[in-house]
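No lab work stands behind these numbers, since they all come straight from the coordinates. Predicted model only: the values in this text are computed from it and were never measured. Please note: Cβ atoms are built from the backbone with ideal geometry, for glycine as well, and neighbour counts cover all protein chains shown.
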Amino acid sequence: MTMGRLNPRYEVISMKRPPFLTLALAAMACLFAVPAAAQGSSPERHSETVYVAHLHPMNAKITKLQTTGEARFTAKGDSLSISVKVKGAAPGITHWQHFHGFKDNRDAACATQEADANRDGIIDLIETEPASGTTMVPFIDDPVSMNVAEGTYPRASAAGTYEYRRTVSLKALSAAFSKAFDGSKLDLDRRVVLIHGTANALPGSVASLGPIPAQVTLPIACGTIERGS
Ligand SMILES: [Cu+2]
């Protein structure tokens, strides 16, 4: 016992103590240790898992804006709270926002300037796909509906800010996700959050998704989702 050696008085007492008393004390220590350990584990039953994505500007040259923000996912029991706070977005228009990723086990990443395959100086939605994967869950009025094209997305204020908050059933979202993506799991820490939308005119070289105008899908901010606190 290191403590005994550091404290001569303790050394004397413990040397005088009969062996059976030492055993009895050790047994008592065990009795007290059990409830203490049980107490220590109880908060885990109600624990929350937090995932955060710090959003960095994309295509700032064409948006003329520095769009930044934070997306936060808090899972607790069956509830998943999603919050997205954005500033520096094009004011007064709605902004598509989703997490993107791959339905296999690959990690998604934010596209860099190298993703600009046609060298028009703009990374369009299609060009983000090799790095970021596909559009997965929309942050709309009802994310569980997975209605990317028709859901209601937030509109930025005149100052270019918005705040989105929704709480969904983790079970319901996981089921809808699994159905849409061949049995995949949500795996938030493999995904990226993308914010879209500009009011500025874009050259014809900027590709989009089907009939949706390129101004709607233009990526303006991205962040990788990481498990955090
Ligand atoms: Cu998106």
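If R0 is 25 Å, the Cβ-Cβ spacing of residue 112 and residue 70 corresponds to a FRET efficiency of close to 0.75. Assuming charge only on the beta carbon of Lys and Arg (+1) and of Asp and Glu (-1), the dipole of segment 48-228 about its Cα centre is about 400 debye to the nearest 20. Arranged from fewest to most other beta-carbon atoms within 10 Å of their beta carbon, 193, 216 become 216, 193.
Which links in 87/185; 61/179; 76/179; 103/171 stretch past 26 Å when you go from one Cα to the other? Violating the 26 Å limit, Cα to Cα: 87/185; 61/179.
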